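These notes concern the structure reproduced below.
Every number in this text was worked out from the coordinates using simple rules, so none of it is lab data. All of these numbers come straight from a predicted model, not from anything done at the bench. Note: ideal-geometry Cβ built from the backbone for every residue, glycine included; neighbour counts use all protein chains shown.
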Amino acid sequence: MSYPYQIKTLEGYKSDYQKSVEDPEEFWGNIAESFTWQKKWDKVLDWNFKEPSIKWFQGGKLNITENCLDRHLEKNGNTPAIIWESNDPDEHHRVLTYKELHFKVVQFANVLKNNGVKKGDRVCVYMGMIPELAIATLACARIGAVHSVIFGGFSAQAIADRLEDAKSEFIITCDGAYRGAKDIPLKSVIDDALVGNHTIKKVIVCTRTRTPVSMIKGRDVWWEDEIKKVETHGNPDCPAEMMDAEDILFILYTSGSTGKPKGVVHTVAGYMIWANYTFVNVFQYQQGQIHFCTADIGWITGHSYILYGPLSAGGTSLIFEGVPTWPDAGRFWDVVDKFKVNILYTAPTAIRSLMGFGLEYVNGKDLSSLKVLGSVGEPINEEAWHWFHKNIGKEKCPIVDTWWQTETGGVMISNIADVTPSKPSFATLPLPGIQPCLVDENGVEIEGNNVSGNLCIKFPWPGIIRTTYNDHERCRQTYFSTYENKYFTGDGCSRDEIGNYRITGRVDDVLNVSGHRIGTAEVENAINMHAGVIESAVVGYPHDIKGQGIYAYVIYDGSHGDANLSKQDIIQTVSRIIGPIAKPDKIQFVPGLPKTRSGKIMRRILRKIAEGDTSNLGDTSTLLDPSLVDIIKEGRI
């Protein structure tokens, strides 16, 4: 499969970028011609950022699975679509060709239909990283059901909140999942999440760990039993449902600056084209290469660069069930060696963690197949960049330092492998179609280079968020109300002397922990649910491995005994309500929080104390009780 829109030279990048800005409709219309449509579009783009209202390829009809599966069958049917490597290095890996994956997706699409799933229904997918997760997700898209994949590390309460918000009627899960040395009881967590739920009609359970589970008659069915029912009818075909270009493809929940997670909505056509275009270009993907994205499909990175980007490009995507440090810290390099991986796309957190184990786990591994390295989730620091470049890429592989978000659908700012220059710790240049700008706090655009400001985007791209599910006003308030006629990313950013962009971190009340966004309000709400907690405030601080750690200041009533045990109780509470990913790294008990006379917590002060920068806390005279600051400083952990 060739990609006529693949950028090959720096001059080609500059030319395509200029075209994408001068005539975006013609630019994206030409690219869209490379995909399979059941009916061509009437209009490429209709938009305003005030509502917001964004529609790409209006009137177009298509199904994303025809583009990810059917169109590859004739010429590339025997090409591996998915390679699956188990958590257990001794368990046999699996390879699914495009023909085999297509067959299994059609088969499971019929299972969904047999269980009452219809176009537009919301289906929660809560599974481990096994091929069936990809099959379930694609089967939903095949019949026009809206998938909402939930990361396997979220708690029952976090799942219950997402089920309620999406009004899901169906769940696909596993008996359990393997993750390193842990067995995660997925079905048991789902059972806890369904206590008091009145909307779920069916739970389809795939066997993985053979963990004993509760199966409720009339509600719970086994994946394998349902497949046999389809087989007894001769495995009938399941033609792809005709979808409108702007029909919802999926909802993916992400933390925000309020306590309630928000359901980011992506639609069929624009998301597909953006995931494909960015995959093919950023990584300079060539047919036959093996692409290994180490993310979980429960996050947007897995959606775009394990599933939809690679598969729509006819690529080979490697799914890894395990973790980078189990059974030892050489596991990534073993996988690269075993499958002769060409592209490795991972997170700075993983790189920093593996750096700490030294080179003994790298030495002796054949990494010569690698052509491109990638970084995602947070800005990569220079030390980690150089370690990755020297020891993994052997100074021959470009590192694409990709900046993007759940809401953007795919990479926005990044160097293009072997095409545009890289610069350690800089995302560098925007991709064609992306028009970034830096603004000051008043929304005034900051011109020129060697400047810093808040990062906004001033024109829509195909993969842009369309709404937050069932709450369009929240979408408007969060992304489009801060600065007029601009999408506000929530990130601070600098631009160097030649126009390269460097992301400097969140400027709103959202933390970036191990590449995953967690709202401070969500963590505070969970902490405050502990019986002994009166009030709390959460900020981020620099963490050697995670990038950002969670520092919690807690007003505690002190009547529950041992302080260290109380802190462990609070951590357990957060893990139960949100999941282990959100538990605080440090908890400091304080007598009060620094507040203005109007009751606003001065997080700026708490952030500086957590960072250890106590020499310049700024003006504290507006605080209700300035003496609190010294007490908090003295108690810093």
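DSSP bridge analysis restricted to the chain gives an antiparallel fraction near 60%, rounded to the nearest 5.
Explain nothing, just the number: dipole magnitude of the chain about its Cα centre with +1 on each Lys and Arg Cβ and -1 on each Asp and Glu Cβ, in debye rounded to the nearest 20. The partial results should precede the final answer.
On the way: 67 positive and 78 negative charges, 140 e Å.
So the dipole magnitude of the chain works out to roughly 680 debye.
Rounded to the nearest 20, the Cβ-based charge dipole of the stretch 40-124 about its Cα centre (Lys and Arg +1, Asp and Glu -1) stands at 600 debye.
Sequence-distant contacts, meaning Cα pairs under 8 Å at least 6 residues apart, place the relative contact order of the stretch 510-634 at 22 percent.
Packing, taken as the mean count of other beta carbons within 10 Å per residue, orders the peptides 240-252, 375-387 from highest to lowest as 240-252, 375-387. Per residue, the average separation of C-alpha pairs within less than 8 Å and at least 6 apart gives the chain a relative contact order of 13 percent. With just the Cα atoms defining each centre, how far is the stretch 199-217 from the stretch 145-167? Give it in Å. Measuring centre to centre over Cα atoms gives 16 Å. The relative contact order of the stretch 329-428 comes to 25 percent, based on Cα pairs under 8 Å that sit 6 or more residues apart. Considering only Pro261, Ile248, Ile300, and ranking their Cα positions along the charge dipole of the stretch 215-316 that arises from unit charges at the beta-carbon of Lys, Arg, Asp and Glu, the one farthest toward the positive end is Pro261. Cα centroid separation, the stretch 72-95 to the stretch 105-126: 23 Å.
Quick one: grab the alpha carbon gyration tensor of the chain, order the square roots of its eigenvalues as a ≥ b ≥ c, and give me rounded if a/c is under 1.5, else prolate or oblate depending on whether a/b is larger than b/c. Cα axes put the chain in the rounded bin.
Counted over the stretch 159-271 with a bin width of 10 Å, the fraction of Cα pairs per bin, in whole percents, is 11, 30, 36, 20, 2, 0.
A dipole drawn for the chain from +1 and -1 charges on Cβ atoms has a positive end, and of Leu62, Gly270, Gly358 the residue lying farthest that way is Leu62.
Going by a ≥ b ≥ c, the root eigenvalues of the Cα gyration tensor, does the stretch 510-634 fall in the rounded group (a/c under 1.5), the prolate group (a/b larger than b/c) or the oblate group? It is oblate, given that a/c is not under 1.5 and a/b is not larger than b/c. In this Cβ point-charge picture (+1 for Lys and Arg, -1 for Asp and Glu), the stretch 510-634 has a dipole of about 360 debye about its Cα centre.
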